[in-house]
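Working notes, beginning with the structure itself.
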Amino acid sequence: MTIRLRFFASLRERLGRSEAELSLPAGATVDALWSVLCAAYPQLAELRGAISFAVNHEYVDRDHRLSDNDEVALIPPVSGGMDVRDRLPSD
């Protein structure tokens, strides 16, 4: 089966791309997908516990079974900007 991948934020920067396609065996899980990606891109392995996955725009767990033509978004932790309170003058 063919899976469409979308990489966001720091993942996009690490991989130098925002999208890819990957062939996986029928019934593969998100965790199997992650293992294949880490084998191809070893620099991803350190992010194992930090990545969130969305399949067809819905967040899923790693044991979610994929289907042909699924779109999987890999979303790294997002760090926010400055808290507005940090920019306000103090009294």
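The values are calculated or read from the model by the stated rules, or taken from the named source; none is laboratory data. For clarity, every value in this text was computed on a predicted model and none was experimentally measured. Quick reminder, even Gly has a Cβ in these numbers, built from the backbone with ideal geometry, and neighbours come from all protein chains shown.
Overview of values
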| read-out | value |
| --- | --- |
| Given (1) out of contact with any Pro (no Cβ under 7 Å at 6 or more places or on another chain); (2) surrounded by 16 or more Cβ atoms within 10 Å (Cβ to Cβ), number of the condition Thr2 does not satisfy | (2) |
| Members of region 1-50 that are in contact with a strand residue (DSSP E or B) (Cβ under 7 Å, 6 or more places away or on another chain) and hydroxyl-bearing (Ser, Thr, Tyr) | Thr2, Ser18, Ser23, Thr29 |
| Within region 12-69, strands (runs of 3 or more DSSP E) holding 1 or more residues that are at positive phi, modelled with pLDDT under 95 and loosely packed, with under 13 Cβ neighbours inside 10 Å | none |
| Qualifying positions in region 11-31 - touching a residue at least 24 places away in the same chain (Cβ under 8 Å) and more than 13 Å from the chain's Cα centre (by Cα) | Leu24, Pro25, Ala26, Gly27, Ala28, Thr29 |
| Subset of region 35-51 [out of contact with any Leu (no Cβ under 6 Å at 6 or more places or on another chain) and either touching a residue at least 40 places away in the same chain (Cβ under 8 Å) or of a type in the set (Val, Ile, Thr) (or both)] | Val36 |
